[in-house]
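Below is one structure, written out as structure tokens, with a few remarks after it.
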Amino acid sequence: MGRRWGIEGIPSYSILPSIAGGLRFSFKIEALNYKEIAAFCPTLSPEQLSLVYGITGGIPHYINKLGVKDNIDSALLENLFDTSSYLFEEPENLLKQELREPAMYNSIITAIANGSSRINEIATKVGIDSAHCAKYINVLLDLGILQKETPVTEKAGRKTIYFIKDQFFRFWFRFVPRNMTAITSGRIERTYNQSVKPYFHEYMGLVFEQMCREYLLNYADDLPIEISEIGQWWGTDKAARKEVQVDIVAAPASGSEYIIGSCKYRNEKIGVDELELLKHYASVFGKGTKYHYFIFSLGGFTDQLLQQKDHVTLLTLEDIYR
């Protein structure tokens, strides 16, 4: 079972190949990356483009259905937070069409959207045992709706977590269920500025991390290492007796130099304290002999941090869109 795409780039979750003109065929059109969607929305700012990417996951069909011209808020109110719109019905329709127990899958995705990430947490939230929960999760993994992740450089095991890979599903399940009363009663336009818009920066945190990894893999010039593996890393800071999480760890194809990165999708400028924290996290990670520090920021950097450019690479959202 796998996520399949029609000729027009319309996503479906059909198990069987498509049939046209008596010929059987099946092919997948990949979603666009964060930079490629600018072709669909050439007048939007980098921040607006990043949000369109975070909502649609770069799927051309969803970008077209969202229909952003110059205002994302009005596009969302008209084309997603409206019961008669195509995007409002899309996730639930796909689950109903392709799965025998859509309500259970719906509950699992909702649990993950609300912060549960490990099998036992998800199972407890849904009210089933972990073994049964794992079977449902495996189906969602096969469909490309979920993805599992293990800390970079480590093998799958107890640290494995699950998250919603499909950005459109993640956005829908993050904002639609909790605003369903306002949407179905036609009051969402009144509540949108309190119940939806203030949470975009929080929602975009994981999206921005993905964008920054895509930048390092596809667009960055003169990186200090050849990247073999990239992702998150998390582990225990034994001295502080707490778990720490590093947004980006890029492992080398050979050698023991690593890129350690931080991604901040917020308006305020990032200061020297973030670089010091990143250095500490690198010491907790502890697998390299040399570390190259990268900090990505929506809101820019303080003058004090800019003076540390010899020790860290600083990139804004505008920088990664150039």
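The values are calculated or read from the model by the stated rules, or taken from the named source; none is laboratory data. Please read all numbers here as calculations on a predicted model, not as lab measurements. Positions of Cβ are generated from backbone atoms using ideal geometry, with glycine treated the same way; all protein chains shown enter the neighbour counts.
Could you list, in sequence order, all residues of the range 33-76 that are surrounded by fewer than 20 Cβ atoms within 10 Å (Cβ to Cβ), among the aliphatic types (A, V, I, L, M) and farther than 21 Å from residue 198 by Cβ?
Listed by number, the residues that qualify are 38, 39.
Regarding the range 158-167, can at least one residue be identified that is closer than 30 Å to residue 253 by Cα, part of a strand (DSSP E or B), without any contact (Cβ under 8 Å) to a residue 24 or more places away in the chain and not assigned by TED's automatic domain parsing to the domain that holds residue 229?
no
Which residue pairs have Cβ atoms under 8 Å apart, sit 6 or more places apart or on different chains, and have a first residue in the range 83-105 that is touching a residue at least 60 places away in the same chain (Cβ under 8 Å) and a second that is among the hydrophobic types (A, V, I, L, M, F, W, C) and loosely packed, with under 15 Cβ neighbours inside 10 Å?
Going by the 8 Å Cβ cut-off, the qualifying pairs are 98/15.
Which of the residues belonging to the range 245-291 are in contact (Cβ under 8 Å) with a residue 40 or more places away in the chain, in a loop (DSSP other than H, G, I, E, B) and not hydroxyl-bearing (Ser, Thr, Tyr)?
266, 267, 287
Out of the residues in the range 130-147 meeting the condition of being closer than 25 Å to residue 56 by Cβ and touching a helix residue (DSSP H, G or I) at 6+ places or on another chain (Cβ under 9 Å), tell me which one is surrounded by the fewest Cβ atoms within 10 Å (Cβ to Cβ).
Checking each candidate, the answer is 147.
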